[in-house]
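Here is the structure we will look at, set down as structure tokens.
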Amino acid sequence: MDWLSDTWAAYQSTLGFAAVNAVLALSTYAVLSAGVLSFASVSYAAFGGFLGAQVMLHAGIGPLLALPAAILAGGVLSFLVALIFLRLEGHWMALASLALVLITRVVVLNAPALTGGVNGLSIPVELPIGVLILLLLLLMLIFQRLAVSWYGIAARAVREDPAVAASLGMSPRRVQMIAFLISGAVGGAGGVLLAVMLQFLSPDTYFVNIAFTMIASVVLGGSYHWAGAVAGAAVFTALPVIAQAVVPAMQDVANGVALLLIMIFLPRGLIDPRAWRRRRAARRRNA
Amino acid sequence: MELFAEQVLNGCALGALYALFAIGFGLVFATLGILNAAHGTYASWAAIAALAATERLGLPFPLAVLAGVVAGGLLALFVDQVAFQPLRARGAGMLAALITSIAFWIILDSLAGFATGQQSLSFPQGSYPARMYHLGTMPLPAMQLLTIAAMLVATFGIHLLVRRSRFGAAMRAVGWNGAAAALGGVNPRMVVLATAFLAGATSGLAGVLAGISTQNVSFSLGEGLLLKGFAAVVVGGYDDVRGAAIAGVALGIAEVITAQYLSTSLRDGITYALLLGFLLVRPRGLFGRAGFVRA
């Protein structure tokens, strides 16, 4: 029993970070599922995170009450971003969103009133890990409902072929705008949860590393189902921990090699609905 | 006035490094359709290779640069064959390639850290041209002139290659649609290999020159180039070598002038402010034309 509680104590924070990364990955998945590769989730997370942190620090309220403020902040920012980005075409949008990540850091550095500037911001607030998991489960439920709603079906059509979707009476622009808003709201929530997990925000918190964590989680887990984002975040968060336990000297190298091997052998990710459908069809043929 | 002219020259030399790096990054993005996060590590490793060639083998400056450039190209070939070729063979698209490039970024960055002993090394005095030429009273360091010349040669050479040669036509065809290019008699495999090597070599050259002029050979070398080179690609346009070169130089000048006359803390800010402005006004880059896509 001691062994169990020791393990729990050691890996509790890993579980927490996995849950937060899952929320952030879902934000990236939200736009990707409508055919948009965008790293702008980092910016929504930064805005939501810093705003939420300020609300917690100054109004003295708990993280659960700061959450709506962060969601709103992320949503508003994503609306503005979408207005610009939806005029660009695919490749350019990916580049532009990565540029936005770089700009975010500069803005954070130059707005010390909101962000604490170079010194960062300390947030002495705690959120029980159970609550965090519950929030993630709630979010997963929302994504499941969305996936089978008219919006989910339209998003899939727009992702596969915008021209066909448009000819069937769906407006790709409108669907992608909704995708951006969902991404913004979820990203803002993820940002404030990350702030609570880290208890400290620096200008480098919301930067290229977290952008790559988000996109790697989604693609690793499988970008054709929301569960892929959650599974990918779990694997991507656990990989460095495992690598450190197994080969401490070469932990980054081992981490990279594992990532490389998974992607080469499972390019569609760990969770692949198309593979499930094929397997089911094969069973039916054999029966 | 002389100070201003000196700073413009400094900016041009710095910008030439960004431009060289951006050309390589843009080539890969336009032809192979890969957003390559590992590209910065080619520059780091090229600089490390050139330093090793100087210190261990005692090669003279031109050969050491050549060693670095070839190392950058070969590394790019290796990464392409290991990380991207299996995905290309399966038709897995840009996303999976982005992740494998991130994987190689992590691996090569960490190995570069081991190679330099987690330190910032520098080229020994006398292993590179350090002469000072003079124009009136204004000093013109040989290294800066060399960097700018290398950038001009690379830009014109690669621009002519892409726009005027048969091989360039094949590159553009593969960039547009590999299968259609193959039907038209192009060997996509060869084009991919040559593009990867060329891109790695160009960025490698940027890495070697940056390693010498900033006195910093370490894994952080590539990261700095990657961020600024990326900005140059977005401003200049990834499908045009000239655009990336002009944007790189312009960013370099803007950075140095801002640091001199406004404030050093705005140095990075100005790059990204320009970036944002260009995204709003000219989202397709300096030489971008409005294209059309058929369904």
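The values are calculated or read from the model by the stated rules, or taken from the named source; none is laboratory data. Just so we're clear, the structure is a prediction, and the values are computed from it rather than from any experiment. No Cβ is skipped: glycine too gets one built from the backbone with ideal geometry, and neighbour counts run over all protein chains shown.
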* **Criterion (on the phi < 0 side of the Ramachandran plot, touching a Leu at 6+ places or on another chain (Cβ under 9 Å) and modelled with pLDDT of 95 or more) met by exactly one of A:118, A:131, A:186, A:125** => A:186
* Residues that are more than 8 Å from chain B (Cβ to nearest Cβ) and either buried (at least 22 other Cβ atoms within 10 Å of the Cβ) or in a helix (DSSP H, G or I) (or both), drawn from segment A:76-91 -> A:76, A:77, A:78, A:79, A:80, A:81, A:82, A:83, A:85, A:90
* **Unique residue being surrounded by 12 or more Cβ atoms within 10 Å (Cβ to Cβ), among the hydrophobic types (A, V, I, L, M, F, W, C) and within 14 Å of another protein chain (Cβ to nearest Cβ) when the list is A:154, A:147, A:94** => A:94
* To do: May I ask you to verify whether residue A:243 is of a type outside the set (Asp, Glu), buried (at least 19 other Cβ atoms within 10 Å of the Cβ), more than 10 Å from chain B (Cβ to nearest Cβ) and assigned to a helix (DSSP H, G or I)?
  => yes
* Answer yes if at least one residue in segment B:108-115 is of a type outside the set (Asp, Glu) and closer than 26 Å to residue B:237 by Cα, and no otherwise. => no
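Could you pull out the residue among A:31, A:20 that is farther than 14 Å from residue A:230 by Cβ, crowded, with 24+ Cβ neighbours inside 10 Å and β-branched (Val, Ile, Thr)? Break it down into steps so the answer makes sense when it comes.
Details: A:20 fails: farther than 14 Å from residue A:230 by Cβ.
Within the list A:31, A:20, the selection yields A:31.
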* State whether the residues of segment A:115-125 include one that is more than 9 Å from chain B (Cβ to nearest Cβ), in a helix (DSSP H, G or I) and under 26 Å from residue A:179 (Cα atoms). => no
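Could you identify the single residue in B:77, B:27, B:59 that is over 27 Å from residue B:286 (Cβ atoms) and assigned to a helix (DSSP H, G or I)?
Details: B:27 fails: over 27 Å from residue B:286 (Cβ atoms); B:59 fails: assigned to a helix (DSSP H, G or I).
Just one listed residue meets the conditions, B:77.
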* Tally, over segment B:1-29, of residues that are among the aliphatic types (A, V, I, L, M) and closer than 30 Å to residue A:91 by Cα -> 10
* away from every other protein chain (no Cβ under 12 Å), without any contact (Cβ under 8 Å) to a residue 12 or more places away in the chain and surrounded by fewer than 21 Cβ atoms within 10 Å (Cβ to Cβ), is that true of residue B:182? -> yes
* Among what's in segment B:187-197 and is surrounded by fewer than 24 Cβ atoms within 10 Å (Cβ to Cβ) and part of a helix (DSSP H, G or I), pick the residue that is nearest to the chain's Cα centre (by Cα). => B:197
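When segment A:54-96 is examined, which residues are found to be among the basic types (Lys, Arg) and either closer than 19 Å to residue A:198 by Cα or at pLDDT 90 or above (or both)?
Result: no residue meets the conditions.
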* Would you point out which residue out of B:255, B:223 is part of a helix (DSSP H, G or I) and within 10 Å of chain A (Cβ to nearest Cβ)? => B:223
* Structure fact -> Across (1) more than 29 Å from residue B:26 (Cα to Cα); (2) within 19 Å of the chain's Cα centre (by Cα), residue A:105 clears everything bar (1)
* Are any residues in segment A:156-180 over 18 Å from the mean Cα position of the chain (by Cα) and of a type in the set (A, V, I, L, M, F, W, C), and if so, which ones? -> A:157, A:158, A:163, A:164, A:165, A:166, A:168, A:170, A:175
* To do: Please indicate, with yes or no, whether at least one residue in segment A:157-178 is assigned to a loop (DSSP other than H, G, I, E, B), under 29 Å from residue A:50 (Cα atoms) and of a type outside the set (S, T, N, Q).
  => no
* Asked: Going by the conditions given, is residue A:255 buried (at least 22 other Cβ atoms within 10 Å of the Cβ), polar (S, T, N, Q) and either free of Cβ contacts under 8 Å to residues at least 60 places away in the same chain or touching a Cys at 6+ places or on another chain (Cβ under 6 Å) (or both)?
  -> yes
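Only one residue in B:150, B:112 is crowded, with 17+ Cβ neighbours inside 10 Å, part of a helix (DSSP H, G or I) and within 14 Å of chain A (Cβ to nearest Cβ). Which one?
B:112
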* Determine the pairs where a residue that is within 17 Å of residue A:144 (Cβ to Cβ) and touching a residue at least 60 places away in the same chain (Cβ under 8 Å), located within segment A:23-38, has a partner that is hydroxyl-bearing (Ser, Thr, Tyr) and outside any loop (DSSP other than H, G, I, E, B) with Cβ atoms under 7 Å apart, the partner being 6 or more residues away or on another chain. => A:25/A:217; A:27/A:41; A:27/A:44; A:27/A:183; A:30/A:183
* Please determine, by comparing only the residues of segment A:258-287 that are touching a residue at least 24 places away in the same chain (Cβ under 8 Å) and in a helix (DSSP H, G or I), which one is farthest from the other protein chains (Cβ to nearest Cβ). => A:273
* To do: Output the number of the condition that residue A:216 fails; it satisfies all remaining conditions of (1) at pLDDT 90 or above; (2) within 14 Å of chain B (Cβ to nearest Cβ); (3) surrounded by fewer than 22 Cβ atoms within 10 Å (Cβ to Cβ); (4) farther than 21 Å from residue A:276 by Cα.
  => (3)
* Residue by residue through segment B:258-268, note down the ones that are surrounded by fewer than 19 Cβ atoms within 10 Å (Cβ to Cβ) and away from every other protein chain (no Cβ under 12 Å). => B:259, B:260, B:261, B:262, B:264
* Which listed residue, of B:247, B:210, B:231, is in a helix (DSSP H, G or I), crowded, with 23+ Cβ neighbours inside 10 Å and facing chain A (nearest Cβ under 10 Å) -> B:231
* Hits in segment B:85-102 (condition: within 7 Å of chain A (Cβ to nearest Cβ), part of a helix (DSSP H, G or I) and without any contact (Cβ under 8 Å) to a residue 40 or more places away in the chain) -> B:86, B:87, B:90, B:95, B:96, B:99, B:100
